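Asker: For reference, the structure I am asking about is given below.
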Amino acid sequence: MSPNLRLALWDHITRRLNLAAPLKLILLTIANYLEPNGGHSRVSLVLLSRDSNLEPQNLQPLLLSLEARDLVRKVTVHPEGGGPTIPLYSLSPNLLRTVHNSDRVP
């Protein structure tokens with residue numbers, strides 16, 4: 001992700017989205033883990049909890065709210081050696097597309 005697009009993403013989340021502060025914090029945390037090419041971030045609940053200082057049980061309803069608004073996508077990963085599945089979260093393609101398109105407007 002280009003620095004200008006990353007800045008546009010932060011600007012969009014902080015200024016244009018009408019969300020409560022904890023929801024914006026989650027989006028900004030996920031945005032920090034975007035791959036340089038603008039791909040998915042795929043952040044675990046444990047990492048979100050650590051970086052946002054919110055407990056996992058408090059994060060889950062917030063993540064559901066962001067999923068319902070199509071701002072976050074959840075992917076479930078099955079570990080190769082077995083064990084419990086791991087939910088990973090990324091910014092939705094719709095949010096990334098919206099920010100990318102607004103970044104191109106002069």
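Asker: For I86 and N4, what is the calculated FRET efficiency with R₀ set at 25 Å and r taken between the beta-carbons, to the nearest 0.05?
Answerer: 0.15
Asker: So what is the 222 nm mean residue ellipticity for the chain from helices alone, if each DSSP H run of at least 4 adds -39500 (n - 2.57) and you divide by all residues, rounding to the nearest 500 deg cm²/dmol?
Answerer: -15500 deg cm²/dmol
Asker: Within the range 7-74, list the trypsin sites (Lys or Arg not before Pro) lying in a DSSP loop whose Cβ has at most 15 other Cβ atoms in a 10 Å radius.
Answerer: R69
Asker: How big is D for the chain, in µm² s⁻¹ as a whole number, if Stokes-Einstein is applied with the Kirkwood radius of its Cα pairs at 25 °C and 0.890 mPa s?
Answerer: D = 173 µm²/s.
Asker: Per 0.36 nm of contour for each residue apart, how much would the distance between A21 and N101 grow if the chain were fully extended, relative to their Cα-Cα spacing?
Answerer: Result: 26.3 nm gained on full extension.
Bear in mind these aren't lab numbers, they're just calculated from the coordinates by the rules spelled out. On a predicted model such as this, the values are computed, not experimentally measured, just so you know. Positions of Cβ are backbone-derived with ideal geometry, glycine not excepted, and every protein chain shown enters the neighbour counts.
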